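Here's the structure we're looking at; comments come further down.
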Amino acid sequence: QSLNSVEDATILAKTIATVPSSYPLFRQPVELEEYIVELGNTTNKYIVVLDKNKNVIADTIITNENGPYSGDTNGEVGKTMFDGEPRSFTETNIMYPNGVGMTVVQMKDDSGAIVGAVGISSSSVGQN
């Protein structure tokens, strides 16, 4: 896994889970989705945000929202949410049939509670 991908995902997860402190982005689905789509377009990265039940709450591919996440074939997301260790895997989906390398990290709120996970592509994927 790329150190930059881990750092990027960690910063993004912290931002989503704690900013603004009174009402964090992960609790604002419309704003979170707009932020993730814009960030994905700006950085050319594929980004997915999951709640603690592994449901997609924001995704650079808008049609992937609001359902269970199934892009990790070996349970990497669940393992990462459980033990906090960043993991890498290849996700295959309709936009990336040949697969896209992903790095996933835990997302914790200000109290340290696990509220989900953030996955980010380890390389540029182009415009969505």
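Could you please state, rounded to a whole Å, how far the C-alpha centre of segment 5-19 is from the C-alpha centre of segment 54-89?
Centre-to-centre distance over Cα atoms comes out at 15 Å.
Given a Förster distance of 35 angstrom, what is the FRET efficiency for Ser123 paired with Lys14, based on the Cβ-Cβ distance and rounded to 0.05?
Calculated value: 0.95.
Leaving out ligands, DNA and RNA, and with a 1.4 Å probe, what % of the accessible surface on the chain is carbon or sulfur?
Carbon and sulfur atoms account for 53 percent of the accessible area of the chain.
Before rounding to the nearest 500, sum -39500 (n - 2.57) across all DSSP H runs of length at least 4 in the chain and divide by the residue total; then give [θ] at 222 nm in deg cm²/dmol.
Result for the chain, helices only: -9500 deg cm²/dmol.
Based on the Cβ-Cβ distance from Glu31 to Glu85, what FRET efficiency comes out when R0 is 22 Å, to the nearest 0.05?
Computed FRET efficiency for Glu31 and Glu85 comes out at 0.15.
Using DSSP H assignments, which helices in the chain have an axial alpha-carbon span of 18 Å or above and a mean Kyte-Doolittle hydropathy of 0.0 or higher?
Helices meeting the criterion: 3-18.
Summing +1 for each Lys or Arg and -1 for each Asp or Glu, what net charge is found among the other residues whose Cβ lies under 10 Å from the Cβ of Gly116?
Around Gly116, the charge tally is +1.
Report the Stokes-Einstein translational diffusion coefficient (µm² s⁻¹, integer) for the chain, Rh taken as the Kirkwood radius over Cα pairs, at 10 °C with viscosity 1.306 mPa s.
Roughly 112 µm²/s, to the nearest whole number.
Within segment 1-36, which residues have the backbone N less than 16 Å from the label spot 7 Å out from Asp51 along Cα→beta-carbon, could you tell me?
17, 24-33, by backbone N distance to the label point.
The values are calculated or read from the model by the stated rules, or taken from the named source; none is laboratory data. Since the model is a prediction, treat every value here as computed from it, not as a measurement. So basically every Cβ, Gly included, is an ideal-geometry build from the backbone, and we count neighbours across all protein chains shown. What goes into the accessible areas is simple: the full protein's heavy atoms, side chains included, and nothing from ligands, DNA or RNA. Shrake-Rupley method; radii C 1.70, N 1.55, O 1.52, S 1.80 Å.
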